[in-house]
Every structure is written in C-alpha cells, then in structure tokens.
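Below you'll find the structure, written out as structure tokens, and then a few comments.
The values are calculated or read from the model by the stated rules, or taken from the named source; none is laboratory data. The model shown is predicted, which means the values in this text are computed figures rather than measured ones. Neighbour counts run over all protein chains shown; Cβ positions are idealised from the backbone, glycine included. Keep in mind that these areas ignore ligands, DNA and RNA; they rest on the heavy atoms of the full protein, side chains included. Shrake-Rupley method; radii C 1.70, N 1.55, O 1.52, S 1.80 Å.
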Amino acid sequence: MMTVRLKLTLWYSAVVSLTLIAFSFILYTFLSYSMVQEIDRELAGRAVGVVRSIKVVGPNWFRQQQIVLPDVDVFGYPNTYLQVVDPYGRLVAKSSNLSNQTLPLSEDTLKLGVTGQSFYEWLQVGGQRIRTYNYPLMAEHRVVGLLQVGQPFSGIQAALNRLKWLLWLLSGLMILAAGSIGWWLARTALRPVEEITKTAALIRQELNLHQRIAWEGPNDELGRLSATLNGMLDSLEAAYRELEESHAAQRRFVADVSHELKTPLTTIRGNIDLLRKMGDEHPAIRQEALADIASEAERMSRLVSDMLVLARADAGLTLSLQPLPVVQILQQVGRQAKILAGQINFKIDIDERCKDTYIMADPDYVKQLLLILLDNAFKFTPPAGTVELSVACGGDRVQVLVKDTGMGIDPGELNRIFERFYRSDKSRPVGGTGLGLSIAKWIAEQHRAEISVESELKKGSVFKVTFPVLKQMHE
Ligand code: ADP
C-alpha cells in the first residue's frame, strides 16, 4: 500500500515536472519560432535591398529581356547567400560566398516563383540547413527571374539544440531536487502524525492511559488533533478510573457483606448447637439462646434491608421528589423519634419561619434520613443525655440539626463514618450495621442536600442537613 508520504511526494514531483516541462517546451518553441521570424525578416529586408538595385532591360517580350545585376557589393553581405535564376531555372548570378556551390532549386519552387509569389523555404546544402526567401523579379508585370536569399540556420540550430539539452538537464535536476525536497517536506509534515500513531500504539500496548501525546507545535490541524486525542484520553482515563474505583468499592462491599453476615450466622449456629445439646434440660440456657438467635436474626434482617437500599442506590435508583411542607415532615419524624427515645431526653424545635416552607423531597426517604441520624444520636448517648431535633428556615435553605450530648466522635474518624460498614471501635458494643450514615449520605445527595457533622469526644455530636428551599409559600 502506498504511504501518504510517497503519495504526497509523487504528486508534488508530478506537478513540478509538468510545470517545468511545459515551461521548457513553451520557452523552446517560442525561442525557435522567434529566431526563424528574425531571420525571415532579415532575409526579406535583404531581398528588397537587392531587388531595388537590379535592373531589367530589353524589349517587352521577355526572351530578349536581360537582368542587369548591380555592383558586387550588393551581393557581398557576409553570411547571406544570394542567387538569381531566370524563369527557366538557369543560374544568372550568385554571391561569391557560395563559391562553387549553388542554392538548390526544386521544380515546385520555380513553379511557385514564376507565378509571382514570394515565399520562405528550408534548404539543405552540403549538410547545412539554410533558410531561404524566394522573391520573384518582375518587369512589366512579368516574372523575369527569381531571387533566392538564404542564411544558414545551423548556428542558431546548434544554439537551440544546446538550449534544449540544457532545459532537459535542468528540468531533470530540478525534478530530482523537487522529489527529494518533497520527500523531506512530507516527512516533516507527517512526523507529528507518526508521533501520534506511536503514542497511540504505546497506549494500546501497555494499556497505559496516563500517556499523552506530547505536542509542542502550533495550534494547527495537527495540534488540534493532538489536543482532541489528549482530551479523549482524559475522559477515557477518568471513566476507567471511576470504573476501577466502583469495581473496588463493589468488591469491598461484597467482602464486608460476607463478613458482616458471617458473624450473626456463626452466633445463630452456635446457639442452635447449644439448644440441641442442653436446651431440654436447662430452660434458662434455652431462653438465652433463643433470645440471642432472635436478636441476631433481627440484626441480619436490618443488615439485609440496609444493603438492599444501598444496592438500589448503586443500581442508579433515583427518588421521585415532590414539594413537601417542612413542618409536616419534621412533626412526623418527631413523633416516631419519641418512641425511640426511651429514657433519653428528646426535644424538638421547629422554627416559626418554617411555616409554609417547602422542599422538594421524597417523604419516606427524608424520614429515613432523619431517623438514621436520630437513631444514632439515641444509640450513642447515655440515658441521662439529651437529643435535640431542630429546624431553622431562612433564605433559600432549610437547616435540620440533630444534636446529642453523647460520646462524640474522634476527629480522626469524622470523615470515615459516612463510609459503608464503618463503625468506630468504641461504638461496636452498641450494635449497628455501619450502613446507616452511608444511606443517609445517599439520600441527602438525592435531595441536593448537604450533610455534615461536628463533634467533640465525650461532649456530643451535631449532624447538620441543609436542604435547598423550594419556595416560601407565604411570600
Ligand atoms: P451504625 O450506627 O449502624 O454503626 P452508621 O453508619 O450510622 O452505622 O454510623 C457509623 C459510625 O459513626 C457509628 O458506628 C459510630 O461510631 C459513629 N456515629 C454515628 N453517629 C454518631 C453519634 N451521634 N455519636 C457518636 N458516634 C456516632
């Protein structure tokens, strides 16, 4: 297959060759034509000069007529041959430079001459090419002779031939030069393409998406091509990294899930063994084992339902949001929280300004989000402590706070508690799946809400969720 480089070079050379050959041809033709023209003009001039000095004498009938030739010097032009013949082709006179030669006279020439026409002709004399002008001599409207004026063309022909060879040589050299320059130009122009191809091949070979095409040239077509390819690689790399990350997260999730499910299953199996062995004789042990089994089963079902929510989230579930009055949601959540509070002092504080404030929300999920926060607050707060649910409205935000006076969170763990399955070691005895806050975070994201936490160890924590306001209905 022909490379672009070869094609470009061939095209370039072909165009240069054609141009040169056409130029040479035109130059040569024009030059030789004007040379002949020049000679013709000179020959005609000479003929007129000679004719003026020729006299024809004698009576009217032409047999007796005589051509009287002028002085010899008229015939004495160097390099110009002159010859006069009578109407029968007999030589009357010739210039001395012809010496023993004569200008050949064909029958056709004589025939045409005696009709009174003047014309040019090419002759061959002793290996020399000669241009001649045949000029009829007239007397009393009769042709009485024919003047032949000739000039050798060989010198000019030789010069023209030399020119022809020079043109061929120069054209050949220039075509060669054009070919080489074209080859070099094509390489230079195509080198970036080579670079791009090489980089692309490298990327494919090593599956290395960090690689970029190094382009230092101007922002021309190739510059833009490089930039576009680099941009494509950026997106590819980003997409690939995202995929890798989600894949890793998925693997971690599966590993965590198996681990989390294994613990309760082990406990349940252990308790079943215990029941089989001693359940009949020891009712107390049986009660304990059954209670254990029940609580582990409950934990497992909580775990499974939490995982289901996250699995749906991962599958791209989007919530269907609708305008909801803030006060109504908060009151419903508050009622449910009261049941969970147990011995903990639970307070709810709804800002007056929240009356008639709406947010775009999925009611079930918003409630779930707030209950996760409240459940944690109750879990991690000792019985005498306080948990407060408050909501403040104003501007274009609705801010919900869940404040507790519990154990607090280690500053080093603040970022990690939103991760799946992350549970602080201190909170392990309390129980939980470690999935609550990751669900809360997902629900917040779905509502374009921001969730954040501030906490101080042994003092308590504040979880803050900020929703964008849909509209203040009373304004
Ligand atoms: P779970 O509560 O089921 O363990 P979460 O994802 O809801 O899982 O919480 C993750 C971890 O964050 C908890 O295990 C706990 O260590 C910490 N945490 C969450 N809320 C609080 C809180 N109000 N006070 C103290 N620690 C908390």
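Any of K403/K441; K379/K464; K347/K403; K403/K459; K367/K426; K338/K379 with alpha carbons more than 21 Å apart? Name them for me. Each step should come with its number before you reach the end.
Numbers: K403/K441 17 Å; K379/K464 18 Å; K347/K403 10 Å; K403/K459 11 Å; K367/K426 27 Å; K338/K379 14 Å.
Checking Cα-Cα distances, K367/K426 exceed 21 Å.
Summing +1 for each Lys or Arg and -1 for each Asp or Glu, what net charge is found among the other residues whose Cβ lies under 14 Å from the Cβ of Y120?
Computed value for this residue: -1.
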Sorted largest first, extent of the chain alpha carbons per principal axis (Å): 174, 65, 34
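In whole percent, and with a 1.4 Å probe on the protein chains, what portion of the accessible area of region 221-314 is carbon and sulfur? Please list the in-between numbers first.
On the way: 3800 of 6420 Å².
Answer for region 221-314: carbon and sulfur cover 59 percent of the accessible area.
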When the C-alpha atoms of region 322-472 are aligned to their principal axes, what extent does each axis show, in angstrom, from largest down? 43, 29, 24
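How do S305, S427 stack up against each other in accessible area, from largest to smallest, with a 1.4 angstrom probe? Please list the in-between numbers first.
On the way: S305 55, S427 10 Å².
In descending accessible area the options line up as S305, S427.
What ranking, highest mean first, results for peptides 199-211, 346-358 when packing means the other Cβ atoms within 10 Å averaged over each residue?
Values: 199-211: 12.2, 346-358: 16.6.
In descending order of packing, they fall as 346-358, 199-211.
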Percent of alpha-carbon pairs separated by more than 11 Å within region 95-134: 68 percent
Express in % the proportion of alpha carbon pairs of region 4-159 at distances exceeding 27 Å. 36 percent
Under 8 Å for C-alpha pairs, at least 6 residues apart: give me the relative contact order for the chain, rounded to a whole percent. 10 percent
The set of residues whose placed amide H lies less than 5 Å from the amide H of I344, leaving out same-chain residues fewer than 5 positions away, is none
On a C-alpha basis, how far is the centre of region 287-303 from the centre of region 1-27 in Å? Whole number, if you could? 90 Å
Heavy atoms of the protein only, probe of 1.4 Å, neighbouring chains included. What is the accessible area of M232 in Å², nearest 10? 100 Å²
Alpha carbon centre of region 344-393 versus region 107-129: separation in Å? 126 Å
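Counting only other residues whose beta carbon sits under 11 Å from that of P382, what net charge do I get with K and R as +1, D and E as -1? Before the final figure, lay out the partial values.
Working: positive: K379, K458; negative: D404.
The answer is +1.
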Region 208-303: Kirkwood hydrodynamic radius (Cα pairs, Å) comes out at 18.3 Å
In 5 Å bins starting at 0, how do the alpha-carbon pair distances of region 180-227 split up by percent? 5, 20, 25, 20, 16, 9, 3, 1
If the cut-off is 27 Å between C-alpha atoms, which lysines fall inside it for K277, apart from same-chain ones fewer than 8 positions away? K262
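Could you provide, to the nearest whole Å², the per residue accessible area of region 122-246 with probe 1.4 Å?
Working: 8000 Å² over 125 residues.
The answer is 64 Å² per residue.
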For a quick check: with amide H placed at 1.01 Å from N, whose amide H comes under 5 Å from M138's, ignoring anything fewer than 5 positions away on the same chain? V144
